[in-house]
Amino acid sequence: MPKGLDSIVALAAAVAVAVFAAVASAADKNTRVLAAAQADRTAELELLEQAVNIDSGTGDVEGGRKVAGLLIPRLKALGMSIESVPAEEAGLAENTVATLTGHGKSRILMIGHIDTVFEPGTVQRRPFRTDDKRAYGPGVSDEKGGVVEGIYALKILHDLGFTNFGKIVFLMETSEERGSPGTRALIGRLLKDADVELNLEPGDLPDVLTVWRKGSTNFRIEVKGRAAHAGVAPQDGRNAALELIHQLSGLEVFPKSGDGLTANLTVMQAGTRANIIPEDAWALVNVRVRDKSEFARVEQVLRRNAETTQIPDTKITISGGEGFPPLPNNPATDKLAVRAQRIYAGLGRSLTAGGNGGASESALANDAGVAALDGLGPVGGGFHSDKEFLELDTVTPRLYLLTMLLMDLSRSPPQ
């Protein structure tokens, strides 16, 4: 993104935040909902502990099924009908669609994912734990904290006898961390029957609601060279690893961080043995964008670079490009954010609006013309690392916020 355009986007975001603060006067505090959220806090954290202590990295089919098996009985107890939907790609756990029918007209879709980025055995090394301020563990905030919050928001509606919605659908999907390859058609189907989408990704520090997200995709660079004995006849080889390094150097034209386009090397592999010139090498480049047209810009650079090789007789193949589109700043999301801020202000808390480079299903909702609001889970940080945490003092306020937002949207869905 050009530097001037970056400045304009940043200024627009700052103005939007200021407008939110001015418009979102406090709603009356609902003491019944708050009391219910406070009463459910211990049980909510206990369920979160159980969910976190199940390894469920994307592609861990048994782990995904165990998490679903833990959560589905809670949803059934609320009177929800359950549909287990096979993943649209092999090697992924089933997705769960829970539906609750009321007496109103609004159609609300909540989306949360139960897959994490962590390998089997992670829980054994660092299970769920808490200190005075935070909870820790694989997926504690990204996104099991939000999924459990969603269940307890539905529980509060059930316990209070609130049925002034037409339908609330809760999708728990199992492949979001790979760009939802096992859920795309399902999400599309559910969005066709939704007035609004609420996403249970974590809020950012200090207490931020997500109103924009970058789009995300991966490009794969493959190099085919020629193997040879590294000691006897290295001159007969064509080193794929060296050519891959040459190709990756072409990425230096793109930023590695910032609010605009970024392109980062995330995975690379080359060679098989210490005494063989590598015949094959490949790498994954993770690209994040604010404007979906920038995906094509990166691909064009990669393909143009592939036309020129440094190691003779090597062949370059570029593939990939499928992923999440960005969630841009848009009026429909801004209006939902104002509602959320007004509810939160009733607790005497400030809720700011922002965005980040993490992709989510809300972008698919926006592309489908459905109003979407993101970052509604408890606040967290350290995502995709062993430092992942969840801020405990946001558990009850965020549960109150989600519950009240469901009630507000039930009475008055977006136009």
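The values are calculated or read from the model by the stated rules, or taken from the named source; none is laboratory data. In this text, all values refer to a predicted model and were calculated from it rather than measured experimentally. All Cβ positions, even for glycine, are placed from backbone atoms using ideal geometry, and neighbour counts span all protein chains on display. Quick note on the areas: whole protein, heavy atoms, side chains included, nothing else; ligands and nucleic acids left out. Shrake-Rupley method; radii C 1.70, N 1.55, O 1.52, S 1.80 Å.
The table below lists the values:
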quantity	calculated
In degrees, nearest ten, helix 3-23 long axis to first principal axis of the chain (Cα)	10
Of 397, 331, 378, the one that fluctuates the most in a GNM where the chain has Cα springs shorter than 10 Å	331
Fluctuation leader among 67, 208, 267 - the chain, Gaussian network, Cα springs under 10 angstrom	267
Length gained when the stretch residue 313-residue 132 is fully extended (0.36 nm per residue, less Cα-Cα span)	59.1 nm
Rg(Cα) / (2.2 N^0.38 Å) computed for the stretch 143-201, rounded to two decimals	1.25
Listed residues 119, 83, 361, 94 arranged by accessible area, highest first, probe 1.4 Å	119, 83, 94, 361
Probe 1.4 Å - accessible area at residue 58, Å² to nearest ten	20
Rounded to 10°, Cα long-axis angle of helix 145-160 versus longest principal axis of the chain	20
Computed magnitude of the charge dipole of the stretch 170-243 (debye, nearest 20; Cβ of K, R +1, Cβ of D, E -1)	560
The stretch 313-415 - Debye-derived log10 I(q)/I(0), Cα point model, q = 0.12, 0.20 Å⁻¹	-0.51, -1.17
Percent antiparallel among DSSP beta bridges (both partners in the chain, rounded to 5)	70
Nearby lysines by direct alpha-carbon distance to residue 292 (threshold 21 angstrom, same-chain neighbours under 8 apart not counted)	3, 214, 256
Shape category assigned to the stretch 165-324 from the gyration tensor of Cα positions, a/c cut at 1.5	prolate
Within the chain, helix-based [θ] at 222 nm, where runs of 4 or more DSSP H residues each add -39,500 (n - 2.57), nearest 500	-11000 deg cm²/dmol
Kirkwood-based Rg to Rh ratio, the stretch 175-230, C-alpha trace	1.24
Selection from 218, 128, 171 lying farthest towards where the dipole of the chain points positive, charges on Cβ	171
Fluctuation leader among 274, 194, 368 - the chain, Gaussian network, Cα springs under 10 angstrom	274
Taking N as its residue count, the alpha carbon Rg of the stretch 242-336 over 2.2 N^0.38 Å	1.35
With all protein chains modelled, accessible area of residue 282 [1.4 Å, Å²]	50
Average projected area [Cα convex hull, the stretch 29-167], square nanometres	9.3
0 to 90° range, to nearest 10: angle between helix 395-411 axis and the chain longest Cα axis	70
Fraction of the pair-distance distribution of the stretch 259-305 above 14 Å, Cα-Cα pairs, percent	62
Debye log10 I(q)/I(0) for the stretch 208-284, one point scatterer per Cα, at q = 0.21, 0.24 Å⁻¹	-0.90, -1.05
The chain, accessible surface, carbon-and-sulfur percent (1.4 angstrom probe)	52
Net charge over other residues, Cβ less than 12 angstrom from the Cβ of residue 298 (K, R count +1; D, E count -1)	+2
Residue (of 112, 95, 75) at the positive-pole extreme of the stretch 40-145, dipole from beta-carbon charges	75
Sequence ranges 149-158, 311-320, ranked by mean other-Cβ count within 10 angstrom, highest first	149-158, 311-320
Size of charge dipole - the stretch 67-138 - debye, nearest 20, with Cβ of Lys, Arg +1 and Asp, Glu -1, no other charges	440
Solvent-accessible surface ranking, highest first, for 170, 295 at 1.4 angstrom	295, 170
Segment residue 89-residue 268, length gained on full extension (0.36 nm per residue, minus Cα span)	62.1 nm
When the convex hull of its Cα atoms is projected in every direction, mean area for the stretch 122-172 (nm²)	5.1
Cβ-defined net charge surrounding residue 376, 10 Å radius [Lys, Arg +1; Asp, Glu -1]	-2
Options (i) 1.07; (ii) 0.96; (iii) 1.02 - which one matches Cα Rg over 2.2 N^0.38 Å as calculated here	(i)
Cα Rg over Rh - the stretch 50-89, Kirkwood	1.01
Note, ³J(HN,Hα) from phi for the stretch 314-320, Karplus 6.51, -1.76, 1.60, rounded to Hz, x at Gly and Pro	9, 10, 10, 10, 10, 9, x
